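The values are calculated or read from the model by the stated rules, or taken from the named source; none is laboratory data. Keep in mind the model is a prediction, meaning the values are calculated, not measured. Virtual Cβ from ideal backbone geometry, glycine too; neighbours counted across all protein chains shown.
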Amino acid sequence: MNEVAIIKTTAGEMVVEFWPDVAPKTVENFKKLANQGYYDGTAFHRIVKGFMIQGGDPLTKDAKMESRWGTGDPGYKIKAEFNDRPHVRGVLSMARSSHPDSAGSQFFVCLADAGFLDKQYTAFGKVIQGDDVLGKIGETPTGPSGSGERSKPLARVGVESVRIAPAPAA
């Protein structure tokens with residue numbers, strides 16, 4: 001049975017379909033974390049206009065940990081499942097460090113075509129409802145992050161919950 005993720009944010013809801021045919025372990029990991037409530041109370045801590053929004057870091061639940069936002073994970077890494085799905089607007093993909101097999105819980109959603117990420121990051125789903133919400137989050141005013149990148153949201157964009165539900169009938 002096909003399932004979707006309902007990502008409820010402070011800006012509204014996005015519904016994401018999964019691609020288990022190209023990234024089965026990544027989909028399984030995301031669903032497992034969502035079902036555990038892992039993402040509830042986190043935030044989109046990195047927003048790059050015209051590129052992507054990034055979330056899934058457990059450290060974003062705690063404002064005191066702000067200097068370390070972007071470094072959190074579930075205590076393990078998953079193997080990359082690079083595939084042929086293009087990184088276009090609405091695509092859900094795993095964030096990672098420079099090592100290909102370093103993804104854990106952090107994910108990003110593309111705001112525009114980002115072909116340079118193709119076959120370098122594990123794309124595992126796509127927004128099928130709530131593109132307006134994605135756009136709204138992508139327009140959040142940002143300032144410089146610790147690294148100087150202009151990607152730190154000036155207002156918190158919270159992830160209230162991520163729920164796994166049966167896919168709506170087509």
ask   = Here are some conditions: (1) touching a Ser or Thr at 6+ places or on another chain (Cβ under 8 Å); (2) outside any loop (DSSP other than H, G, I, E, B); (3) more than 15 Å from residue 22 (Cβ to Cβ); (4) of a type outside the set (Val, Ile, Thr). Residue 155 meets all but one. Which one does it not meet?
value = (2)
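Just to be sure before I move on: is residue 105 closer than 23 Å to residue 2 by Cα and within 17 Å of the chain's Cα centre (by Cα) in the structure I sent? Show your work before the answer.
Working: closer than 23 Å to residue 2 by Cα: yes; within 17 Å of the chain's Cα centre (by Cα): yes.
Yes; evaluated as a whole, the condition is true for this residue.
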inquiry  = Between a residue in region 60-87 that is acidic (Asp, Glu) and any residue that is part of a helix (DSSP H, G or I), which pairs come within a Cβ distance under 8 Å, given they are 6 or more apart or on different chains?
reply    = 73/58; 81/24; 81/25; 81/26
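Assess whether residue 71 counts as being of a type in the set (Ser, Thr, Tyr) and under 22 Å from residue 134 (Cβ atoms). Write out each step before concluding.
Working: of a type in the set (Ser, Thr, Tyr): yes; under 22 Å from residue 134 (Cβ atoms): no.
In short, no.
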task = Check residue 155 against each of (1) over 25 Å from residue 75 (Cα atoms); (2) under 15 Å from the mean Cα position of the chain (by Cα); (3) surrounded by fewer than 18 Cβ atoms within 10 Å (Cβ to Cβ); (4) among the aliphatic types (A, V, I, L, M) and name the one condition it does not meet.
result = (2)
remark   = Scanning region 72-125 residue by residue, those outside any loop (DSSP other than H, G, I, E, B) and farther than 16 Å from residue 25 by Cβ turn out to be 91, 108, 109, 110, 115, 116, 117
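Quick check on residue 99: is it surrounded by 14 or more Cβ atoms within 10 Å (Cβ to Cβ) and either of a type outside the set (Val, Ile, Thr) or over 19 Å from residue 148 (Cα atoms) (or both)?
Details: surrounded by 14 or more Cβ atoms within 10 Å (Cβ to Cβ): no; either of a type outside the set (Val, Ile, Thr) or over 19 Å from residue 148 (Cα atoms) (or both): yes.
Answer is no for this residue.
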task = Any chance you could count how many residues in region 1-58 are part of a loop (DSSP other than H, G, I, E, B), within 17 Å of residue 131 (Cβ to Cβ) and in contact with a Leu (Cβ under 7 Å, 6 or more places away or on another chain)?
result = 2
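Quick grid of which residues meet (1) aromatic (Phe, Trp, Tyr); (2) surrounded by fewer than 16 Cβ atoms within 10 Å (Cβ to Cβ); (3) under 16 Å from residue 9 (Cβ atoms):
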| site | (1), (2), (3) |
| --- | --- |
| 49 | no, yes, no |
| 70 | no, no, no |
| 111 | no, no, yes |
| 115 | no, yes, no |
query = Here is a list of conditions, (1) more than 13 Å from the chain's Cα centre (by Cα); (2) crowded, with 16+ Cβ neighbours inside 10 Å; (3) not in a loop (DSSP other than H, G, I, E, B), and residue 128 meets all of them except one; can you say which number that is?
reply = (2)
message = Return the pair list, or none, for Cβ contacts closer than 6 Å from residues in region 134-162 that are farther than 20 Å from residue 90 by Cβ to residues that are surrounded by 14 or more Cβ atoms within 10 Å (Cβ to Cβ) and modelled with pLDDT under 95, at least 6 apart or on different chains.
response = 152/145
